[in-house]
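Take a look at the structure set out below.
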Amino acid sequence: MAERRHISRDEQVLQLIERGLREGCLRNRSRTKAAGLAGHIRKMRGGSGKKAASYRGHVFWCGSVRFSDGKIEEVHSYQEAEAADFHTMFYFSPEQVSRMENGESGFFWVEEDGKVRTDWGRPASRDIKQKIRKQIKVTRAGKIKKPTIGTDGREKCE
C-alpha cells in the first residue's frame with residue numbers, strides 16, 4: 001500500500017487553482033482573482049508567521065478597514081489566520097464579520113513587500129488603501145527587528 005502524504009489546506013487550494021487555470025475552467029475575472037490567490041499562497045508558503053506590518057505597536061498580517069473613512073478596525077497575525085484555516089469568521093470578532101459581510105468594512109492584508117491588498121470581497125479604493133498605509137508601519141522586507149510580547153500576550157514591535 002502506498003504511503004499517503006499529508007497535504008495542507010493551502011496546498012490543496014493551490015493545486016485546485018493551478019488545475020483550473022491550466023485547464024481553462026475559470027473565466028475572465030475569476031481567472032484573474034484565482035491567479036492572484038495562487039501567487040499569494042505561494043508567497044505565504046514556507047514562512048514562519050508573516051510579520052509584514054505593525055499597527056499601534058501590534059504585529060499583524062491582515063485586518064479590516066471601514067470603507068466610510070479608511071479607519072482600521074481590527075488586525076490579526078498570520079498565525080491567528082492560519083490557525084483558523086483563513087476563515088475570517090473564526091478569528092475576527094462577530095461584530096466585525098457582520099460589518100464585512102454587509103459591506104461597511106472590508107478585509108485587507110499586507111504582503112511581505114509592504115503592498116496593501118484588498119482583493120477579497122469588496123475591493124477598496126486607492127484612497128482607502130492610502131489611508132491604511134498611513135496608519136500602519138510597514139517593515140522592510142516584512143521583517144520586524146525587535147518583536148516582543150506585550151502584557152496582553154500579543155506580539156508588539158519596537
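Just so you know, all these numbers are worked out from the coordinates, no wet-lab data involved. Quick caveat, the model's predicted, so the values are computed rather than measured. So basically every Cβ, Gly included, is an ideal-geometry build from the backbone, and we count neighbours across all protein chains shown.
What's the FRET efficiency of residue 85 with residue 127 using the Cβ-Cβ distance as r and R₀ = 30 Å, to the nearest 0.05? Walk me through the intermediate numbers first.
On the way: r = 32 Å, r/R0 = 1.07.
The formula returns an efficiency of 0.40 here.
For residue 101 and residue 71, FRET efficiency with R0 = 22 Å and r from the beta-carbon atoms, rounded to 0.05?
Numbers: r = 18 Å, r/R0 = 0.83.
Calculated value: 0.75.
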